[in-house]
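Read through the structure below, which is laid out as structure tokens, and then see the notes.
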Amino acid sequence: KVKSNNLDVKLKSELETEEKGMEQESTRESDSSILDVSSDYPREKHISIQRHLADLEKLADLKEDEKKPCPLCPEEKLKACYSHKLHRHLQNLHWKVSVEFEGYRMCICHLPCHPVKPNLAGDQTLSKMGAHYHCIICSATITRRTDMISHINRHVNKGETESRFITVPAPKSSQVLKELATDVQVLPNYSTPQKTDSYFNPKMKLNRQLIFCALAVLAEERKPIECLDAFGATGIMGLQWAKHLRSAVKVTINDCNENSVVMIRENCHLNKMKVKLDTVEEDNGEAIGDGEENTDSIEVTRMDANVIMHLRAFDFIHLDPFGTSVNYLDSAFRNVRNLGIVSLTSTDTGSLYAKAQHVALRHYGCNIVRTEYYKELGARMIIAAVTRAAARCNKGIEVLLAVALEHFVLVVVRVLRGPSTADDSIKKIRYLIHCQWCEERIFQKQSNMIEENPYQQLPCDCHGSMPGKTAVVLGPLWSGSLFNTGFLRRMLLEAVQYGLDEAQPLLKTLVCEAECTTSKHFSTHSPSEENKQEECGVYIKTANTSAESYLVHGKRKNDEVIRNAAKRQKCENSAEHPAFYYNIHRHSIRGMNMPKLNKFLNYLSEAGYRVSRTHFDPMGVRTNAPLAQFKMVLMKYSTPTYTGGQAEGPGHRPGDIQPGEQVHGKTDGKMDGKTDDAEFLEDNKSAVAAALFTKDCPAPCAAD
């Protein structure tokens with residue numbers, strides 16, 4: 001028994017020692033694996049990455065009397081050779097085709113460290129496909145030199161310039177930009193959205209100023225308001241809102257990219273703003289100012305834009321995705337509050353401006369062609385999509401602003417809850433009949449009955465005088481107004497107050513365009529809108545209005561003067577601006593010197609038509625005059641051009657216009673003088689047709 005007990009004790013002790021040994025070996029293995037992983041950062045660089053050609057020659061250990069193999073080629077590719085031949089091989093084959101980065105050269109490598117695609121026989125033969133480069137940053141192997149350069153550039157654009165092979169880490173390159181007293185930190189190549197997470201476009205400064213003015217106007221109506229920047233990127237727009245409007249707004253900046261969210265937080269700390277994450281405020285712990293604490297805070301979220309708009313309600317929502325914004329319209333109108341504002345910036349100008357018509361049909365469900373008024377056509381196409389999305393949520397819209405410039409289209413609408421307002425908005429979506437010959441256009445009549453001859457709706461007679469089909473149906477498009485005069489005037493006041501110099505000229509042009517007047521009749525305060533402005537049937541009090549001097553919808557005042565002023569103001573606002581515009585160069589006649597644009601506007605105004613310039617086209621004229629009258633006035637006040645003593649273009653009646661004489665418009669605004677103009681065109685019809693149908697004519701036009 002004693003012997004058996006001793007054996008059991010010995011066996012137990014041996015087992016315990018074996019277990020301890022196994023534990024020690026496992027801990028050693030884990031420690032060695034940790035050491036191996038840690039030693040990999042930074043690890044030794046590949047032999048193909050060198051600073052100088054001499055360093056590459058040292059690897060070959062060149063000697064004059066001995067044959068040496070190439071350090072970057074296998075023996076099957078290049079046999080051992082003498083020093084002079086090996087020097088030429090290293091210089092011409094490896095060094096000249098290298099890729100340079102931060103003083104290092106990534107030479108081409110032919111060693112079997114890159115897998116070669118097997119051939120038909122199944123074996124991996126050494127061929128040109130085996131040549132490759134080793135990345136100095138991520139140690140990837142890439143075959144082509146151009147692909148290697150693009151690969152390195154992608155690392156640089158993302159800020160990943162810290163090489164694992166360089167002992168001294170390079171600092172993360174970034175720069176700080178300033179706009180509207182707001183600092184933002186951006187990465188290199190910040191203006192290319194495909195190659196960086198922190199996208200910042202300096203060309204969109206005007207767009208950001210217009211949106212800021214719209215938000216400032218809304219902040220004057222009610223405080224505080226919850227606003228959302230659904231696509232933050234660097235967070236520049238939300239930071240400007242919070243920094244200037246302060247307690248009047250509660251800003252939420254959202255982005256689905258994790259790197260962008262980190263950049264937004266850093267920019268908030270750079271501008272000394274508090275960051276709220278999951279209802280917890282995060283402060284950078286630095287002094288906010290000279291003894292003052294900044295109580296402003298910004299909420300930064302990371303989720304899909306559709307998700308956050310479904311979960312929460314906002315008073316102001318701005319959508320600025322890269323491309324079209326139709327994928328986010330249903331979510332935006334789902335929880336937006338009544339009388340709130342939705343603004344969207346669309347940068348898919350290829351489809352909006354009729355360069356990619358199939359994309360416009362796919363995204364917006366509209367059939368469009370390239371016209372002289374293509375920018376306004378794109379804006380009305382977006383508003384039609386916005387109207388349909390709002391109507392699906394039993395909401396209507398009122399368009400406050402529509403701007404179409406070279407690289408973006410901005411639309412700002414106010415949301416009106418209720419099925420009746422949704423029905424009224426939907427009724428303003430109609431089709432457009434466009435004459436492809438003279439570019440006359442008119443919205444189709446709103447009717448469910450099929451019309452026998454839709455060409456009769458066009459004012460022109462091109463279908464009767466020209467062969468074939470001359471018109472196309474475009475749309476569906478928004479047929480209502482694009483501007484709200486009262487809202488634009490208040491935006492102009494906010495732009496002056498905050499010193500937005502770039503937005504002020506554009507806003508003045510928009511006010512004139514909304515009222516369809518020339519700039520010389522422009523005034524900051526309209527006589528009928530000094531104290532109150534009407535939007536959506538609601539009279540809104542402005543800063544210059546006392547509490548007793550404005551009207552609230554649904555209440556009656558005993559003061560007869562205020563009631564009459566309200567009626568007069570409503571009549572003025574009901575007169576919408578004419579749809580679309582004409583380009584004066586597009587309809588000019590070859591061989592004729594057309595008048596200056598401002599003088600031509602005066603001539604049309606004297607003829608009794610409403611007229612204004614438009615921001616869509618610097619040479620565009622927005623008027624309610626038909627195209628025939630437009631051409632008639634343009635021809636009447638154009639002078640012939642003489643080259644070599646011979647006049648080109650249509651002739652004039654004796655005594656009407658002589659060379660060197662100045663033409664003065666004497667019409668009194670009535671339609672009595674149109675018969676003389678018609679006789680004048682009839683007498684010179686052959687000359688006009690000869691001038692119009694020349695091969696150098698800028699646009700084909702029918703003889704009127």
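The values are calculated or read from the model by the stated rules, or taken from the named source; none is laboratory data. All of these numbers come straight from a predicted model, not from anything done at the bench. Ideal geometry is used to build each Cβ from the backbone, glycine not excepted, and the neighbour counts take in all protein chains shown. Just the protein is used for accessible areas: all its heavy atoms, side chains included, with ligands, DNA and RNA removed. Shrake-Rupley method; radii C 1.70, N 1.55, O 1.52, S 1.80 Å.
Of all residues being basic (Lys, Arg) and part of a loop (DSSP other than H, G, I, E, B) in the stretch 596-618, which is least open to solvent (accessible area, probe 1.4 Å)? Just the residue, please.
Arg610
Given the condition in a strand (DSSP E or B) and open to solvent by less than 40 Å² (accessible area, probe 1.4 Å), answer yes or no: does some residue in the stretch 378-396 qualify?
yes
Suppose we filter the stretch 515-529 for residues that are modelled with pLDDT under 90 and over 14 Å from Asn602 (Cβ atoms); how many remain?
Of the residues in that region, 8 qualify.
When the residues of the stretch 62-79 are filtered to those that are without any contact (Cβ under 8 Å) to a residue 40 or more places away in the chain and surrounded by fewer than 12 Cβ atoms within 10 Å (Cβ to Cβ), which remaining residue is nearest to the chain's Cα centre (by Cα)?
Only one residue fits best here, namely Glu75.
If I filter the stretch 365-377 down to residues being open to solvent by less than 10 Å² (accessible area, probe 1.4 Å) and not acidic (Asp, Glu), which single residue comes out as farthest from Leu329 (Cα to Cα)?
Only one residue fits best here, namely Thr371.
State whether one or more residues within the stretch 501-514 are modelled with pLDDT under 90, surrounded by fewer than 19 Cβ atoms within 10 Å (Cβ to Cβ) and farther than 23 Å from Gly378 by Cβ.
No, there is no match, as no residue in the stretch 501-514 is modelled with pLDDT under 90, surrounded by fewer than 19 Cβ atoms within 10 Å (Cβ to Cβ) and farther than 23 Å from Gly378 by Cβ.
Residues being in contact with a Leu (Cβ under 8 Å, 6 or more places away or on another chain) and outside any strand (DSSP E or B): count how many of those fall in the stretch 95-116.
7
Any idea how many residues of the stretch 247-264 are out of contact with any Lys or Arg (no Cβ under 6 Å at 6 or more places or on another chain) and surrounded by 19 or more Cβ atoms within 10 Å (Cβ to Cβ)?
10
Restricting attention to the stretch 313-349, which residues are aliphatic (A, V, I, L, M) and at positive phi?
The answer is Leu339, and nothing else.
Might you let me know whether the stretch 548-565 holds any residue that is modelled with pLDDT under 85, touching a Phe, Trp or Tyr at 6+ places or on another chain (Cβ under 6 Å) and at negative phi?
So far as the stretch 548-565 goes, yes, one or more of its residues are modelled with pLDDT under 85, touching a Phe, Trp or Tyr at 6+ places or on another chain (Cβ under 6 Å) and at negative phi.
Filter the stretch 314-343 down to the residues that are in a loop (DSSP other than H, G, I, E, B) and under 21 Å from the mean Cα position of the chain (by Cα), then identify the one that is surrounded by the fewest Cβ atoms within 10 Å (Cβ to Cβ).
Phe322
Only residues that are assigned to a loop (DSSP other than H, G, I, E, B) and on the phi > 0 side of the Ramachandran plot: list them for the stretch 206-259, please.
Listed by number, the residues that qualify are Ala233, Gly235.
Looking at the stretch 453-481 only, could you name the residues that are touching a residue at least 60 places away in the same chain (Cβ under 8 Å), part of a loop (DSSP other than H, G, I, E, B) and more than 39 Å from the chain's Cα centre (by Cα)?
Once the filter is applied, which keeps residues that are touching a residue at least 60 places away in the same chain (Cβ under 8 Å), part of a loop (DSSP other than H, G, I, E, B) and more than 39 Å from the chain's Cα centre (by Cα), the stretch 453-481 yields Asp461, Met466.
Output the number of the condition that Asn92 fails; it satisfies all remaining conditions of (1) modelled with pLDDT under 85; (2) surrounded by fewer than 12 Cβ atoms within 10 Å (Cβ to Cβ); (3) outside any loop (DSSP other than H, G, I, E, B).
(1)
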